[in-house]
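No value in this document is a laboratory result; all are computed from the given coordinates. Since we're looking at a predicted model, the values are computed, not measured. Here the Cβ is made from the backbone with ideal geometry for all residues, glycine too, and neighbour counts use every protein chain on show.
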Amino acid sequence: MGVAHSAAGAVSDASVLSLEVTKHFDAGAAFRLDVAFSATPGIAILFGPSGAGKTTLLDCVAGLARPDSGRIAVGEATLFDRARSIDLRPQQRRVGYVFQELALFPHLSVQANVGYGLDGVSRVERERRCGEVLESFRIAHLLSRKPGEISGGERQRVALARALVTDPCVLLLDEPLAALDAAIKSQIVDDLRGWNALHRIPILYVTHSREEVFALGERVIVLDAGLVIADGTPHEVMTAPRQETVAQLAGFENVLEAAVIAAHEDRGTMTCRIVTGKSAIGLELETPLVRAEVGSKLRVGIRAGDILLAIVEPRGLSARNLIPGKIVSLAQRDVIVVARVECGVEFEVHLTLAARDSLRLGVGSEVWLVVKTHSCHLMASGRD
Amino acid sequence: MDWQTFTLTLRLAVLVAGVLVLIGLPLAYWIAFSPWRWKFLVEAVVALPIVLPPTVLGFYVLVALGPRGPLGRWWLSLTGHTLAFTFTGLVVGSIIYSLPFAVQPFAASFAGVDRRLLAASATLGASRWRTFFGVILPLSAHGLVTGVALSLAHTMGEFGVVLMVGGNIPGVTRTVSIDIYDKVQAVDYAGANQTALVLLLISFFVLALVYGLNRRGFGFGGAGKAKS
């Protein structure tokens, strides 16, 4: 099986993923996934806000969720076809899947994790293939460690190696690098590209980070509320968007679903409560007043560069939104520092190198986010 | 000290715990993972022995095992004698009586295994069988130990069901708890105390071992949540 795929660069129909899927799903408000596209060997990015249906789509390809209708095929092999009652079990699909939460087996060593999918293979062959993939992802020295004993970046590599060693015919990556800092991220991406150059299979790469879209993408498919709303190169889609929604998604690093809880006509503002997934968290924002009913849903877009960071609770400010949080990652990109701050939802904040150093910010620092009312841009919600 | 009742009790407990592992594991797997909507009815039946007085349970088991009961009649035609007041009958009664003490910890620990690990196992081509033995079972070690130990200890200490189903035949169905009752009836308080103390110590030892083992978590975080 390995030989057929390692004929470098040979793109044939045999390796094209084509899918056409509808599925009702329930994430917050019930809505419908309805997508159709095909992906040639290489990395195709699935971009969209959380709750757009990206993970559900991957689950359908892997056979972990059943579409209501449609067809999924890789080359000649049909994985799912409602009309012909074909629905292969996950075990039969040869789909590599790296989960957002990685799902490494905590009781098994790195070696046993990576070799897990090679059960039917002879011992010699298994060791050869494990050795090869461990080498190409630079984790050969971790063989006997347990997942709990290695770093986050190493765990990502192990999860990738475990999925790739089985020689899948398509690879699904669900925000595999979201938690890593930029330097480690780009190394892993290089290793993944190197592997993909030898094994020409389609890779569906889910992310909601605009930064990753530009870093990775040959092609980006934008998903919003279960629908494909744009499809093209990152440059076409993200910088010259033909669609209003894409422009909105692409223009703001932070896009939050929210519900209007009060309108203050006299002050020209509204109070919105942030909603993640099914539940509202205790985070409220004061936003400009727009014509919206109390209780209606909308989206709040906030640019990462419009957020101020403070290390003590600021007083006497004109800005109306003060949000306490904790820094979960800090990464340098050129001359800006990208901080991810957990406040119940995660915010991306951009600051200068000088600001990082003078405030002595680090992972775990307690900070306050300061957001002006008019930095909160309101848009129509993707969900009706 | 009457060691015969002790060896008999121990033999009963080990046998019952062994059988409960064999039937408890598949039953617990089904309870933990079946999507069937009426599943709760089966769960309620399994839990019944916890709330029923042992005499009620023992009475029905006795009727079922007797020559007029379906199980008893079948056994009679097979072996030529009835199950009531035999060691085998005692085993059958005890299995039913201790069933929830094995199945509930098993099912709870299976259900606690991260579903994404099971999905990962499936996408890596592993059969359900292999996922069960390679992922679910090792990550449920604490539940297994708890279930086995509880069914051992519970069977050792049972009284009502044994009395109803087994009677009090030395070397056949006279267990420790019956023996203690007997001695008290005969005003042999010293003898009763001796036997009761040994049973108390054994039970304590078994439970202490379980809690000690589970506290250590077997080296990989007990409930088997994936660290990511």
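How large is ³J(HN,Hα) for each residue in segment B:85-93, as worked out from phi by the Karplus curve 6.51 cos²θ - 1.76 cosθ + 1.60 (θ = phi - 60°), to whole Hz, x for Gly and Pro?
6, 10, 5, 4, x, 4, 4, 4, x
Averaged over its residues, how many other protein chain Cβ atoms are within 10 Å of peptide A:91-103's Cβ atoms?
The shielding value for this peptide is 5.
Could you list which residues have their amide H under 5 Å from that of A:R145, counting only those 5 or more apart in sequence or on another chain, with H placed in the peptide plane?
A:V110, A:Q111
Roughly how many debye, to the nearest 20, is the charge dipole of the protein assembly as shown about its Cα centre, given +1 on each Lys and Arg Cβ, -1 on each Asp and Glu Cβ, and no other charges?
1000
For peptide B:124-137, compute the average count of partner chain beta-carbon atoms within 10 Å of each residue's beta-carbon.
Average neighbour count from other chains, rounded to a whole number: 4.
Arranged by the count of other C-beta atoms within 10 angstrom, fewest first, what order do B:Y211, B:Y181 take?
Working: B:Y211 12, B:Y181 16.
By the 10 Å Cβ count, ascending: B:Y211, B:Y181.
Given a Förster distance of 60 angstrom, what is the FRET efficiency for B:L71 paired with A:E76, based on the Cβ-Cβ distance and rounded to 0.05?
Efficiency, rounded to the nearest 0.05: 0.60.
For segment A:78-86, in order, what is each residue's ³J(HN,Hα) by Karplus, 6.51 cos²θ - 1.76 cosθ + 1.60 with θ = phi - 60°, in whole Hz (x at glycine and Pro)?
Each residue's phi maps through the Karplus curve to give 8, 8, 8, 8, 4, 4, 9, 6, 9 Hz.
Given H placed on each backbone N at 1.01 Å, which residues far from A:S365 in sequence or on other chains put an amide H within less than 5 Å of it?
A:I327
Averaged over peptide A:104-112, how many Cβ atoms belonging to another chain are found within 10 Å of each residue's Cβ?
Going residue by residue through A:104-112 and averaging, the value is 5.
By how many nm would the segment from A:H264 to A:V290 grow when fully extended, if each residue of separation counts as 0.36 nm and the alpha-carbon distance is taken off?
Contour length minus the Cα-Cα distance gives 8.3 nm.
Kirkwood hydrodynamic radius, the protein assembly as shown, all distinct C-alpha pairs: what's the number in Å?
28.6
Hey, if you put +1 on the Cβ of every Lys and Arg and -1 on every Asp and Glu Cβ in the protein assembly as shown, which of A:L378, B:V45, B:G191 ends up farthest toward the positive end of that dipole?
Of the options given, the answer is B:G191.
Once you charge only the Cβ atoms, +1 for Lys and Arg and -1 for Asp and Glu, what is the size of the charge dipole of chain B about its Cα centre, to the nearest 20 debye?
So the dipole magnitude of chain B works out to roughly 1000 debye.
Scan around A:S381 for amide H atoms under 5 Å from its own, H built in the peptide plane at 1.01 Å from N, and keep only partners 5 or more places away or cross-chain.
Close amide H contacts, sequence-distant or interchain: A:R299.
For segment A:272-384, with only Lys/Arg (+1) and Asp/Glu (-1) charged at the beta-carbon, what is the dipole magnitude about the Cα centre, in debye rounded to 20?
My answer is approximately 160 debye.
Got a sec? Charge dipole of segment A:157-303, +1 on Cβ for Lys and Arg, -1 for Asp and Glu; which of A:T271, A:I281, A:L173 is way out at the positive end?
Of the listed residues, the answer is A:L173.
For chain A, with the dipole built from +1 on Lys and Arg beta-carbon atoms and -1 on Asp and Glu ones, taken about the Cα centre, which of A:F99, A:G295, A:I43 lies farthest toward the positive end?
Of the candidates, A:F99 comes out farthest on the positive side.
From the phi angles alone, apply the Karplus equation (6.51, -1.76, 1.60; θ = phi - 60°) to segment A:159-165 and give each ³J(HN,Hα) in whole Hz, x where the residue is Gly or Pro.
5, 5, 4, 4, 6, 7, 5
What are the extents of the Cα atoms of segment B:24-67 along their three principal axes, in Å, largest first?
37, 22, 17
Provide the packing ranking of A:128-141, A:204-217, i.e. peptides ordered by the mean count of other C-beta atoms within 10 Å per residue, highest first.
On the way: A:128-141: 17.6, A:204-217: 20.6.
Highest mean packing first, the order is A:204-217, A:128-141.
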